[in-house]
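Where a number appears in this text, it was derived from the coordinates with a stated rule and is not lab data. Note that the coordinates shown come from a computational prediction; the quantities given were computed from them, not determined experimentally.
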Amino acid sequence: MCPIWPMHLIIIYLLALCPLWVVCQTLPNLVALFEPSELTIHMDEYEFVNLTIQGTSNMEPGDKFSMITLNPELADAEFNTTYEVTPQDIINDEFKGKIRVDAKFIGRVNLQVVSTDNSGELHNITNSTLPVVVIRPQRVIDTIFTSSVAVFVSLIFINFGCAMHWPTVRDVIKRPVGPAIGMLGQFLFMPLMSFGLGFLIFPNTPALRLGMFVTSVGPGGGASNIWTFILGGNLNLSLAMTTISTIASFAMMPAWLFSLGQVVFRDAKILVPYDRIATFTAGLLIPLAIGLAMQKFTPKIAAFMVRILKGFSTTLLLFIIIFAIATNIYIFRLFSWQIVLAGMGVPWLGYSAGYLIARLFKQPHPDALAISIETGIQNTGIAIFLLRYALGQPEADITTVIPVSVAIMTPFPMMAIYIYQKIKACCINRGKHKKMDEELTPGGEAPESTIIAPIDLRGKGFEGIENKNAMTPDENITEKTGGSDVDGRTADSSDLERSTPTKAIS
């Protein structure tokens, strides 16, 4: 055996790798430098970015650079100067140019610079991407919207504190089947359902999953009591459940956001805003405590606040939705079939699950209806406020589209049930009237026109017009004494028969 037997294999490998090494040395080693390295730009505006590409000494004149984007609906870019390599660029070993970035819609997008030679072959460029964040310009109306929502939410929680009726809560707690089902649906089924549904509908859009999750971890909406009353559900149970869920939300919302919510925040590459969520929770607890204090020290004012609670809650909800749409009309550009499906899925699955679980526990229909409505209707106003307050841009704008979609899709099942109830009632009333007509007219024949005669003591009509003077003196005496004889005794059946006229008097 050759004494250098292993060495010849190594030499062969080295000889094979040498040509590859020579080729690699001839390829350009390009490095891109953007100034600024990250760009934040307002929607419908443009910015210029300086681009320097180093390592062009191995390139040839006529080689080109170009900008590409994976999502041209958000932003695109093009060279504002020459994009071809010149002999001077080869001598200087760098290329300098300027690109124009046009922002089209809110979101995050990466712009990438690529290099092609005269034959169309691509060259790798290190650090070739420019992160771009497109946001809305801050307007005065946005500040007014956020501030007014904060004030109105504080006022509504003062109302909640004034409306808390502890005896009712205590009575419900003594028989906690209905509220327990509602609590399980509101704070267990809804968060877990929205978490799973978010992965099915938005597998590649974690920001929208976050919007679904935040919408579902909140308390029931104020409209649940109104719809429960309109549809004939158990209003007392609905009010008690709203009170209990509102109190529980102060613990359950942070618990979900700080536990399972971290998964959603991490997938969305957003830091959990612990300080803002804590401030938000405190901002709700303080108005609630004020309401409870008013209930004790100023009962008349608290009673007035309770009287306007429902109307104020509905007005607040409508204000947030309408104002949010009016000031952020752009949000409908984000609507897609996935957004609509998410808007339907959150409340509609809540309705179905709440009613089915209540019926499984043998709750009567009015109680099951109240539980269903309380489970399905979410407080989208709180969700919008939390997302706006807790997140930066553009995530705050992007995630808000989910609670807006939920708010739009929530009333449709309730409206359908209300229309069904009205149609059913009309059909039942029409059937009753038809049955009464059939009973009054046997065989469907119209009744003959008759004159109803006076009724005698035996309930029979007078039979004719003959014998006008058929009554005897005794009968006249009996009639004048009101059914008693002259001796004062009560007339018996024989007396009544004797005193009854047998002929009609004209």
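Overview of values
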quantity: Ratio of Rg to Rh over region 299-402 (Cα coordinates, Kirkwood Rh, two decimals); calculated: 1.07
quantity: Dimensions (Å) - region 103-158, Cα atoms, principal axes, largest first; calculated: 71, 20, 13
quantity: Alpha-carbon radius of gyration plus Dmax, which is the widest Cα pair, for region 34-122 in Å; calculated: 13.9, 41
quantity: Greater than 32 Å apart at Cα, pairs in LYS174/LYS300; LYS300/LYS362; LYS362/LYS424; calculated: LYS300/LYS362
